[in-house]
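Reviewing the structure listed below.
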Ligand code: SAH
């Protein structure tokens, strides 16, 4: 679990603006109350530049440098909800190992953290990775492992994963990620070219891989190799 957020920028993040965001997510298909609670409690304003902190509780993506963005809260909530077992599985935490591709500023990582025993997160841009690690350490997150690498390859040494979340869009689902999915595991990934991406959930069932379309979405591209 997270430690206490620092007080930086707290004046700009009134309970009311956060409440409006939660209400909006609820109206737009986020039904899992544990996920909504998590979005309410993670201080998103600490994951963006101070100049953007006043916009942190709007339901939009925001720039985080190097041409990348912090994902829209609705997308983070949808992806988190989509990897959780039905009824949250009853376990504490509900998921064992979770792989995240595209750490970015670490916001999705922070939202995921209490739902997993361990979150393994990969980022190809070293600068973003370093900043995210420092921030998440300061906030007291202890169950996160970091890797500077290419998410197309997954993290073979830690596979299989109960859930895999990908925060950037490849043209097709990478084979390595499917191979690293545990039985019953769920992969949530945006696929397709800019402007025409679909968020998919792929579940490894006893009968094979089952694909579901969750939503039309807009992500930055998944880029091969390390930055
Ligand atoms: N969940 C993050 C989203 C960041 S945007 C957040 O809320 O901040 C997507 C991230 O994926 C970017 O930081 C980008 O550098 C990273 N990325 C793109 N291709 C990648 C790859 N092949 N491997 C690892 N990370 C990648």
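Since every read-out is calculated from the coordinates, none of them should be taken as a lab result. Computed from a predicted structure; not experimentally measured. When we count neighbours, we look across all protein chains shown, and the Cβ atoms used for this are built from the backbone with ideal geometry, even at glycine.
Comparing 82, 15, 176, which has the greatest mean-square fluctuation in the GNM of the chain with Cα pairs linked when under 10 Å apart? Among 82, 15, 176, the largest mean-square fluctuation in the Gaussian network model of the chain belongs to 15. For the chain, the longest principal axis of the alpha carbon atoms and the long axis of helix 15-27 meet at an angle near 30°.
Taking a ≥ b ≥ c as the square roots of the eigenvalues of the alpha-carbon gyration tensor, the stretch 6-162 is classed oblate because a/c is 1.5 or more while a/b is no larger than b/c.
Counting only DSSP beta bridges with both residues in the chain, tell me the antiparallel percent, nearest 5. Spell out each step's value before the answer.
Details: 18 of 38 bridges.
Restricted to the chain, the bridges split so that about 45 percent are antiparallel.
Applying a 10 Å radius around every beta-carbon, put 93-103, 48-58 in order of their mean neighbour count, most first. Please list the in-between numbers first.
Values: 93-103: 23.5, 48-58: 16.6.
Descending packing order for the listed peptides: 93-103, 48-58.
Protection proxy ranking, highest mean first, for peptides 190-203, 61-74: 61-74, 190-203, where packing is the per-residue count of other beta-carbon atoms within 10 Å, averaged. Taking the centroid of alpha carbons for each part, the stretch 170-215 and the stretch 45-119 are 18 Å apart.
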